[in-house]
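Below is one structure, written out as structure tokens; comments come after it.
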């Protein structure tokens, strides 16, 4: 066992304690949630960065958002500089009844830690902390760290910040710690990210809701109209019907249908949707998901024809696609298929670009060697169906930098869902791979 491997193993109790403390902070940046936990999380991140020997740590205000935590240590003579990225905000917990453990209380069960953000992305952040702790402040390369506070609630706030201060994030290599492997112990480098867009569509038909007995059958129902519009987005096979949003192909291998069904928890007898391989569908094609509806609840329903109905729609965009064009195409289509002359409007539009990695150079070779050592097998290339808009911005601002995406998550981590968890062995392997990578890069 090498000195680095020994240091990583010895540091795991502190690593788990650090993650436990972070998970306990309900740092949700979505509207309607309090600001105090967000600020507490930012302060905790700054404390952790100082604790691993980074001499310069500060909180940068980000317009319309929460502070970005920035840290740096100068590069030794002739050594490259590495920028490490993560985010400290998390998804809302959702229905607490669906959680087997308290969402904001890190709970160890077997070899996993459960809690909101344990994987996405407080686990990724703690992997950076664990790797840096190995060097006790004597880093083999220059280090920069930026940790944002509003990644989950989509927007372009940090992107605008780095546009204004591009030198702050200039580096030879950029490591994005907000992804992971197809499954535990199966090392992978993410080379493609889908872009995204999200918008709220509203349908109005009446001045106000009216009695379904007196008016039903002639009065246009806003909810029925919205349902027809939403179902028009896909054909009977589940493929996207919006003109211009064509499916793509991914050159690498993804999950089998059976593996995907198991990971996604698809019920017996329920078919998968869409065409092409799983990799094609979730890494290289458009996907439209209705993520929320504003309509009366079943428990509070009254006998009325609805005057207004709203839906939140998320659109995932292939790495080569343009998010703004794609969401405009979708909004145009929804307007065209709207029945009965209903009034359609859109608001709260957000977009983010995708990313396609290049062939790579010294940094790519260094991380491949490090991951093979940490996992016992060479990593493979995968895509990610999710979106990290900042990555495309960094690639555009600093095209000379190599961008590497790897991390602690796996397809069983239940990110954005109840019972999110991170595998402790996977967390340890990710920390080891990152520490070895920093050492390898210095030598190269």
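The values are calculated or read from the model by the stated rules, or taken from the named source; none is laboratory data. Here the structure is a predicted model, which means the values were calculated and not measured. Glycine also receives a Cβ, built like all others from the backbone with ideal geometry; neighbour counts cover every protein chain displayed.
Annotations
- Hits in segment 283-341 (condition: more than 22 Å from residue 221 (Cα to Cα) and assigned to a helix (DSSP H, G or I)): 283, 323, 324, 325, 326, 327, 328, 329, 330
- Residue within segment 80-100 that is over 19 Å from residue 181 (Cβ atoms), free of Cβ contacts under 8 Å to residues at least 24 places away in the same chain and in the same structural domain as residue 28 (by TED's automatic domain parsing) present: yes
- Residue within segment 375-386 that is crowded, with 19+ Cβ neighbours inside 10 Å and closer than 24 Å to residue 29 by Cα present: yes
- Filtered residues of segment 359-382 (kept if outside any strand (DSSP E or B), in contact (Cβ under 8 Å) with a residue 40 or more places away in the chain and either more than 14 Å from residue 188 (Cβ to Cβ) or in contact with a strand residue (DSSP E or B) (Cβ under 7 Å, 6 or more places away or on another chain) (or both)): 360, 361, 362, 363, 364, 365, 366, 367, 369, 373, 379
Table: residues versus (1) touching a helix residue (DSSP H, G or I) at 6+ places or on another chain (Cβ under 8 Å); (2) closer than 24 Å to residue 321 by Cβ; (3) buried (at least 16 other Cβ atoms within 10 Å of the Cβ).
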residue: 249; (1), (2), (3): yes, yes, no
residue: 255; (1), (2), (3): yes, yes, yes
residue: 261; (1), (2), (3): no, no, yes
residue: 270; (1), (2), (3): no, no, no
residue: 276; (1), (2), (3): no, yes, no
residue: 283; (1), (2), (3): no, yes, yes
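- Residue count for segment 56-79, restricted to those that are touching a residue at least 40 places away in the same chain (Cβ under 8 Å) and either outside any loop (DSSP other than H, G, I, E, B) or farther than 23 Å from residue 120 by Cα (or both): 12
- Residue under evaluation residue 41, criteria (1) surrounded by fewer than 18 Cβ atoms within 10 Å (Cβ to Cβ); (2) touching a residue at least 40 places away in the same chain (Cβ under 8 Å), criterion not met: (1)
Okay, residues lined up against (1) touching a strand residue (DSSP E or B) at 6+ places or on another chain (Cβ under 8 Å); (2) assigned by TED's automatic domain parsing to the domain that holds residue 426; (3) crowded, with 21+ Cβ neighbours inside 10 Å; (4) more than 22 Å from residue 180 (Cα to Cα):
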site: 56; (1), (2), (3), (4): yes, yes, no, yes
site: 60; (1), (2), (3), (4): yes, yes, no, yes
site: 63; (1), (2), (3), (4): no, yes, no, yes
site: 69; (1), (2), (3), (4): yes, yes, yes, yes
site: 125; (1), (2), (3), (4): yes, yes, yes, no
site: 163; (1), (2), (3), (4): no, yes, no, yes
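Quick grid of which residues meet (1) surrounded by 21 or more Cβ atoms within 10 Å (Cβ to Cβ); (2) within 22 Å of residue 285 (Cβ to Cβ):
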| site | (1), (2) |
| --- | --- |
| 151 | yes, no |
| 158 | yes, no |
| 172 | no, no |
| 175 | yes, no |
| 186 | no, no |
| 191 | yes, yes |
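- Selection within segment 294-316 - touching a helix residue (DSSP H, G or I) at 6+ places or on another chain (Cβ under 8 Å) and under 13 Å from residue 202 (Cα atoms): 295, 306, 307, 308, 309, 310, 311, 313
- Every residue from segment 248-274 that is modelled with pLDDT under 95 and assigned to a loop (DSSP other than H, G, I, E, B): 248, 249, 250, 251, 252, 253, 254, 255, 256, 265
- Test: residue 435 is in contact with a helix residue (DSSP H, G or I) (Cβ under 6 Å, 6 or more places away or on another chain), part of a helix (DSSP H, G or I), buried (at least 19 other Cβ atoms within 10 Å of the Cβ) and in contact (Cβ under 8 Å) with a residue 12 or more places away in the chain: yes
- Qualifying position, being more than 22 Å from the chain's Cα centre (by Cα) and closer than 13 Å to residue 23 by Cβ, among 141, 108, 134: 108
- Residue satisfying all of: in segment 411-420; more than 12 Å from the chain's Cα centre (by Cα) and under 22 Å from residue 379 (Cβ atoms); modelled with the highest pLDDT among these: 413
- Residue list for segment 302-326, filter: under 25 Å from the mean Cα position of the chain (by Cα) and surrounded by 21 or more Cβ atoms within 10 Å (Cβ to Cβ): 311, 313, 315, 316, 317, 318, 319, 321, 323, 326
- Counted residues, segment 8-36 - those being crowded, with 19+ Cβ neighbours inside 10 Å and farther than 15 Å from residue 126 by Cβ: 3
- Single residue of segment 128-138 satisfying the filter (in contact with a strand residue (DSSP E or B) (Cβ under 8 Å, 6 or more places away or on another chain) and buried (at least 24 other Cβ atoms within 10 Å of the Cβ)) that is nearest to residue 50 (Cα to Cα): 132
- Considering the conditions (1) under 24 Å from residue 405 (Cα atoms); (2) in a loop (DSSP other than H, G, I, E, B), residue 100 is excluded by exactly one of them, (1).
- Assessment of segment 327-350 against the conditions (within 23 Å of the chain's Cα centre (by Cα), surrounded by fewer than 18 Cβ atoms within 10 Å (Cβ to Cβ) and at positive phi) yields at least one matching residue.
- The residue list 8, 45 contains one member that is within 26 Å of residue 362 (Cβ to Cβ), assigned to a helix (DSSP H, G or I) and modelled with pLDDT of 95 or more, which is 8.
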